[in-house]
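Colleague: Let me begin by handing over the structure; questions about it come next.
Coordinate-derived values only; no laboratory data. None of these values were measured; they are calculated from a predicted model. No Cβ is skipped: glycine too gets one built from the backbone with ideal geometry, and neighbour counts run over all protein chains shown.
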Amino acid sequence: MNARLLPYVLILPVTLFLCLFFLYPFVLVAKQAFSTGSGFTLDNFSEVTSYWKFPITMRNTLLLAAAVVPIQLALALLMATMVNRMQRGRDLVLYVWTIPLGISDLAAGIIWLAIFDQSGFLNSMMSGLGLIEKPVNLLTFQNPGIVFLAIMLAEIWRATAIMLVILVAGIGLIPKEYYEAAEVFGASKWKQFLRITLPLLRPSLQTALVLRVILAFEIFAVVAALGGTLFPVLMGETYAYQFDLLNSGAAAAMALIILAISIGFTLIILRILRVPKGATI
Amino acid sequence: MAEIQIKNVAKKFGEYQALHDIKLTISDQEFMVLLGASGCGKTTLLRIICGLETATTGEVWIGGRRVDHLPPKDRGIAMVFQNYAVFPHLTVFENIGFGLRMQKLPNEEVTRRVERVAELMHIEMLLKRYSGELSGGQRQRVAVARALAMEPDVILMDEPLSNLDALLRMEMRAELKGVLAESKTTAVYVTHDQVEAMSMADRISVMHKGKIVQAASPIEVYRNPAAEFVAGFIGNPPMNFLQATSTGNGHWTVAGQSFDGPNSDKTLKFAIRPEDMTPSDTGLTATAKVIEPLGAHLLVTCDVDGAMFRAVLDSDTVVKPGDRLTLAPQTDRVRWFDPETTLAVA
Amino acid sequence: MTVVTTDVAAPDTRKAGRFVYISAVALLCAWVLVPIYFLLINTLSSPETVNSFPKPFIPEFDLGSLQFFAGFAGMLTALKNSVLVAGMTMIMSILIGAPAGYALSRFDFRGKELFRLLILLTRAFPLPLLALPLAVMFIQTGLDDTVFGLALVHTTLAIPFSVLITFSLFSGIPIELEEAAWTLGCTRLTAFTKVVLPLILPGITASAIFAFVISWNEVFAAAVLTIENRTLTAFLLQNLDTSPLHLKFAGGFILVVPALIFIFAVRKYLFAMWGIANR
């Protein structure tokens, strides 16, 4: 076969597939969002944004992302540096720490439901310690803080692993010589982390953050399992528009709003963590 | 029996011209070395002969057959790669027999040929091993054996010894030369190591910036460099150059001394190898700067008329930095170059 | 410490640091494992125990909940659907993704950067959202509420990963090995099957398993696109409000088990894959 043509033949299936199932539906969503049957309109957007629950949904989603992502980042960095220094048992520890990577958000929600449920393990433990006399229903509208905490913990538990994997891979790419050089020049372990690991890890931090932030805006099943309607989020509302209200125009508008926020934050992250040309490893 | 003809081959990678109009004939059973610094185009030329790269323009002929449109497998060549490319999932035996199996030769024939070349390369005891269990030198031997087993018309080698340590390289150099001479194949050998080139080649093609500057026997390349680049590249240390001004009728003044040279009224460069000089009463006046005793001889870096100048002297010579030396060039070893064309002037 | 030395403090602090380090590692392991253990207790307890209070902290090894799960109307079909969709996703994403991964690792071609951008874009995009218009598209083409239709959407989710993983796998095979095969009588195709494929097979398997799990775990698109042919995730989600606790936990457990196996199977490739993908 002609060698010049071969690469195009090889990428053709993916390109066709993505055009059909990614670009085309994307155009459809956009079209649906900007029309109510006749011509261009912003009605769908004004409908969803003027709904009384919208500010709450938006606030919840952003608040959750703001609470979860920094903790995950710190935790993943801590775990990655810990595992980097490990001599024995590294593979086992990494395996255990990456288990949540394969667990779906729904399963994670159910797991934490087992803990926060009225007859769950948290209540069992508290009564075992004599803190409470009878089980308390924790996940109710009277305890919005606890609902938030449960969702937060479930998210941190579930989705730190993906950041960990990206960061461990990134740290693995940093040559040991840099640390040896820094040590010779008298840098402490902490200084080495600040002056070498963090700056050289920027591309990985970029990837990890972008991926995590986008997924944080897509949070859905964890919330559905733990909070139900107590804690409305954007993706859940989109689902509700589509199925409970059968308003696909509004659902499409919600989808585009989520997309806009995702793109916005992606650009901010890329901007803040940009790597100067030629400063890569 | 295979003669290789490269007719007006040029190669462009995008805007970058890697090879300019290469013309080269390598005769049957010749050992041709392509020598040059990295980026000079020597590997590209080899890969074009092999068929791993396509020339932008020009033709490649092997054994009287035009091959530049053929895939590597149909060119009657075998190649030894720089990093050996020994297949990690196959045993040494299957590695060496890989090409024979592709030709669907009967089992006994494969075994016979594998065992023969394995013996030739002294690896018959490794046949059941995998590449992960071999040392660099052993992998090198497997790679060569695999190429020889094909009984090709032409064997192509891309810096095959550059990943070995110095001692092993010297050993393999001699061995490879012997094995290849015996196999009677035409060989094209790419290297940046001039010692390797000098010691192995029937003929060396010195390449620079995508051109062949000189293609000649090792001694010719050494004694009579065709261009300033060759003179400054071959030899360790390479030739010394000094400005020469004509005083007419083939007489020249170099650093205040008179020499006989070519009849020309241009400014030329005077060139002499560091080992072609002896301390004497008359000659070039040099101020010694750095003295490096190398055991067999003494390398003296000095200043002659404001230019850097090196001399290789007898190791008993007594000299210290700052000393003034008078160095007499051996007149039949003096060469002249035209700075405009950079070519040698007779 | 009875030995008299002048710097007793240094080994002591080092020992303390070591202790803190090991406990932190142990604590973080517990943080991951204990919630899963709780789920295990619930799954291996009788429905009565699951709904009672307080909870035991060791499982009673009663299969009542799992039996109830297996007997619940539609649950086994949902499980079967999940496996089917994930299996199709696995096969399609490798068959479609691997050639592109090979092209990216071996060729420089015009439009390569654009293609990479398209791949990365899909990764950085809330893909499940596309399920909404696809639902309409599928109704028009008769793919609505079919296992295959959902597998197509899940393949879209898995493709960026399968392209990137196979890209990094192929990049790990030196091109010289292929070139050597070409000079030894192979065509492009035979060099691929005789040299590249045997070397890459474990990695391809890992990448396939990854695709399987992406599909297995996906909730939103599954819930949007299937009505009768629910997958396990969609089924559980739909019945979250109404189903009893022991059913949720048993279902959750069935969801988690493949994850444990999956991470174990592909653990070697997780890091290599992300290392390259960041470049």
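Colleague: Long-range amide H contacts for B:E151: which residues qualify at under 5 Å (H placed 1.01 Å from N, peptide plane, sequence gap of 5 or more or a different chain)?
Modeller: For B:E151, whose amide H was placed from the backbone, there are no distant partners under 5 Å.
Colleague: At a temperature of 25 °C and a viscosity of 0.890 mPa s, determine how fast the stretch B:72-151 diffuses translationally according to Stokes-Einstein, using the Kirkwood radius over alpha-carbon pairs as Rh; express D in µm²/s, rounded to the nearest whole number. Spell out each step's value before the answer.
Modeller: Numbers: Rh = 12.3 Å.
Answer, rounded: 199 µm²/s.
Colleague: Putting +1 on Lys and Arg Cβ atoms and -1 on Asp and Glu Cβ atoms, find which of B:P293, B:L180, B:V312 reaches farthest to the positive end of the dipole of chain B.
Modeller: Checking the options against the dipole of chain B, the answer is B:L180.
Colleague: Near the amide H of A:L138, under 5 Å away, which other amide H atoms are found, from residues 5 or more places off or on another chain, if H is placed in the peptide plane?
Modeller: Close amide H contacts, sequence-distant or interchain: A:Q118.
Colleague: In addition: In the P(r) worked out for the protein assembly as shown, what percent of Cα pairs fall beyond 55 Å?
Modeller: Tail of P(r) above 55 Å: 34 percent of Cα pairs.
Colleague: Continuing with the same structure: What is the fewest-to-most order of B:C302, C:C29 by other Cβ atoms lying within 10 Å of their Cβ?
Modeller: Working: B:C302 24, C:C29 17.
Exposure proxy ranking, most exposed first: C:C29, B:C302.
Colleague: Also, quick follow-up: So what are the ³J(HN,Hα) numbers for the stretch C:167-180, from phi and the Karplus equation (6.51, -1.76, 1.60; θ = phi - 60°), rounded to whole Hz, Gly and Pro as x?
Modeller: Here the 3J(HN,Hα) series is 4, 5, 5, 5, 5, x, 9, x, 4, 4, 4, 5, 4, 4 Hz.
Colleague: If you average the C-alpha positions of the stretch A:1-79 and of the stretch A:216-281 separately, how far apart do those two centres end up, in angstrom?
Modeller: 8 Å
Colleague: Hey, how many Å between the Cα centroid of the stretch B:45-78 and the Cα centroid of the stretch B:193-233?
Modeller: Result: 24 Å between the Cα centres.
Colleague: Turning to a different aspect of this structure: Residue separation times 0.36 nm, minus the C-alpha to C-alpha distance between B:H89 and B:A37: what's the value?
Modeller: Working: separation 52, 0.36 × 52 = 18.72 nm, distance 3.42 nm.
Stretched fully, the B:H89-B:A37 segment lengthens by 15.3 nm.
Colleague: What does the charge count near B:L105 come to, summing +1 for each Lys or Arg and -1 for each Asp or Glu among other residues with Cβ under 10 Å from its Cβ?
Modeller: Numbers: positive: B:R101, B:K104, B:R112, B:R113; negative: B:E108, B:E109.
Overall, the nearby charge balance is +2.
Colleague: At a Cα cut-off below 20 Å, give the lysines reachable from C:K15, other chains included and same-chain residues fewer than 8 away excluded.
Modeller: The qualifying lysines are A:K189.
Colleague: I need to check one value: relative contact order of the stretch B:240-345, counting alpha carbon pairs closer than 8 Å and at least 6 residues apart, in percent.
Modeller: Values: 245 pairs, mean separation 30.0, N = 106.
It comes to 28 percent, rounded to a whole number.
Colleague: Applying 1/(1 + (r/R0)^6) with R0 = 51 Å to the Cβ-Cβ distance of A:M125 and B:R101, what FRET efficiency is obtained, to the nearest 0.05? Don't skip to the end; give the middle numbers.
Modeller: Numbers: r = 67 Å, r/R0 = 1.31.
Efficiency, rounded to the nearest 0.05: 0.15.
Colleague: Sticking with this one: Taking every residue in A:18-31, how many Cβ atoms of other protein chains lie within 10 Å of its Cβ, on average?
Modeller: Average neighbour count from other chains, rounded to a whole number: 6.
Colleague: Based on the alpha-carbon gyration tensor of chain C, what equivalent-ellipsoid semi-axes (square roots of 5 times the eigenvalues) come out, in whole Å, largest first? Before the final figure, lay out the partial values.
Modeller: Details: eigenvalues 295, 252, 55 Å².
Result for chain C: semi-axes of 38, 36, 17 Å.
Colleague: May I have the convex hull volume per residue, in Å³, for the Cα set of the stretch C:77-154? Intermediate values should be presented prior to the final figure.
Modeller: On the way: hull volume 8.9 nm³, N = 78.
Convex hull of Cα atoms, per residue: 114 Å³.
Colleague: Treating each Cα of the stretch B:1-156 as an identical point scatterer and ignoring solvent, apply the Debye formula and state log10 I(q)/I(0) at q = 0.09 Å⁻¹.
Modeller: Log-scaled intensity ratios, in q order: -0.33.
Colleague: Bins of 5 Å, beginning at zero and ending with the bin holding the largest distance: percent of Cα pairs per bin for the stretch C:59-105, please.
Modeller: Result returned by the calculation: 5, 17, 13, 13, 11, 11, 9, 8, 6, 6, 2.
Colleague: Follow-up. Which net charge results when you count Lys and Arg as +1 and Asp and Glu as -1 among the other residues whose beta-carbon is under 14 Å from that of B:T287? Spell out each step's value before the answer.
Modeller: Working: positive: B:K289, B:R310, B:K320, B:R324; negative: B:D303, B:D305, B:D323.
Charge balance near B:T287 sits at +1.
Colleague: Given N residues in the stretch A:84-168, what is Rg(Cα) / (2.2 N^0.38 Å)?
Modeller: On the way: Rg = 16.2 Å, N = 85, 2.2 N^0.38 = 11.9 Å.
The value comes to 1.36.
Colleague: Moving on to the next point. Quick one: give the max-minus-min coordinate of the C-alpha atoms of the stretch A:154-281 along each principal axis, largest first, in Å.
Modeller: 66, 31, 18
Colleague: Next question, about the same structure. With the convex hull built on the Cα atoms of the stretch C:90-208, state its orientation-averaged projected area in nm². List each step's numbers first, then the result.
Modeller: Numbers: hull surface 34.8 nm².
With every direction weighted equally, the projected area is 8.7 nm².
Colleague: Would you please give the residues with an amide H less than 5 Å from that of B:A227, counting only those at least 5 places away or on a separate chain, with H modeled from the backbone geometry?
Modeller: For B:A227, the qualifying residues are B:A344.
Colleague: For the stretch A:196-212, take each phi angle, set θ = phi - 60°, evaluate the Karplus expression 6.51 cos²θ - 1.76 cosθ + 1.60, and give the result in whole Hz per residue in order, putting x for glycine and proline.
Modeller: Rounded to whole hertz, the list is 10, 4, 4, x, 6, 8, 3, x, 5, 4, 3, 4, 4, 5, 4, 4, 5.
Colleague: Okay, moving on. Tell me the relative contact order for chain C as a rounded percent, counting alpha carbon contacts under 8 Å between residues six or more apart. Present the calculation step by step, with values, prior to reporting the outcome.
Modeller: On the way: 286 pairs, mean separation 74.1, N = 279.
Contact order relative to length: 27 percent.
Colleague: Could you tell me which of B:W252, B:G235, B:S217 has its Cα farthest along the dipole of chain B towards the positive end, charges placed at Cβ (Lys, Arg +1; Asp, Glu -1), taken about the Cα centre?
Modeller: B:S217
Colleague: Kirkwood hydrodynamic radius of the stretch B:115-209 from all distinct Cα pairs, in Å?
Modeller: On the way: mean 1/r = 0.0710 Å⁻¹.
Across the stretch B:115-209, the inverse of the average 1/r is 14.1 Å.
Colleague: Further question on the same structure: For chain B, what Kirkwood radius comes out of the mean inverse Cα-Cα distance, in Å? Walk me through the numbers on the way to the answer.
Modeller: On the way: mean 1/r = 0.0444 Å⁻¹.
When all Cα pairs of chain B are included, the Kirkwood radius is 22.5 Å.
Colleague: Please tell me the relative contact order of the stretch B:233-286 in percent, rounded to the nearest whole number, where contacts are Cα pairs under 8 Å and at least six residues apart. Mind dumping the intermediate values first?
Modeller: On the way: 75 pairs, mean separation 19.4, N = 54.
RCO, the stretch B:233-286: 36 percent.
Colleague: I've got another one for you. In peptide C:106-119, how many Cβ atoms from other protein chains are near each Cβ within 10 Å, on average? Provide the component values of the computation, followed by the final result.
Modeller: Values: counts 3, 7, 3, 7, 3, 4, 2, 0, 1, 6, 0, 0, 7, 4.
Mean inter-chain Cβ contacts per residue within 10 Å come to 3.
Colleague: When only alpha-carbon atoms are used, what values of Rg and Dmax, in angstrom, describe chain A?
Modeller: Rg then Dmax for chain A, in Å: 23.1, 78.
Colleague: From Cα coordinates alone, what are the radius of gyration and Dmax values for the stretch B:168-325 in angstrom?
Modeller: According to the Cα coordinates of the stretch B:168-325, Rg and Dmax are 18.8, 56 Å.
Colleague: Tabulate in residue order the Karplus-calculated ³J(HN,Hα) for the stretch B:184-200, using 6.51 cos²θ - 1.76 cosθ + 1.60 with θ = phi - 60°, rounded to whole Hz; enter x for Gly and Pro.
Modeller: Once θ is set to phi - 60°, the couplings for the stretch B:184-200 become 6, 9, 6, 10, 10, 10, 9, 7, 10, 9, 5, 5, 4, 4, 4, 6, 9 Hz.
Colleague: Per-residue mean of other chain beta-carbon atoms within 10 angstrom of the beta-carbon, peptide C:215-221?
Modeller: Numbers: counts 0, 3, 8, 4, 11, 10, 0.
Average per residue, whole number: 5.
Colleague: What angle, in degrees between 0 and 90 and rounded to the nearest 10, separates the Cα long axis of helix B:92-102 from the longest principal axis of the Cα atoms of chain B?
Modeller: Here the helix axis deviates by roughly 70 degrees.
Colleague: Specify the angular offset, from 0 to 90 degrees and rounded to the nearest 10, of the alpha carbon long axis of helix B:107-120 from the longest principal axis of the alpha carbons in chain B.
Modeller: Taking the Cα atoms of chain B, the angle to B:107-120 is about 30 degrees.
Colleague: Convex hull over the alpha-carbon atoms of the stretch B:240-345: what's its volume per residue in Å³? Kindly include the intermediate steps, with their values, before the conclusion.
Modeller: On the way: hull volume 10.3 nm³, N = 106.
Cα-based convex hull of the stretch B:240-345, divided per residue, equals 97 Å³.
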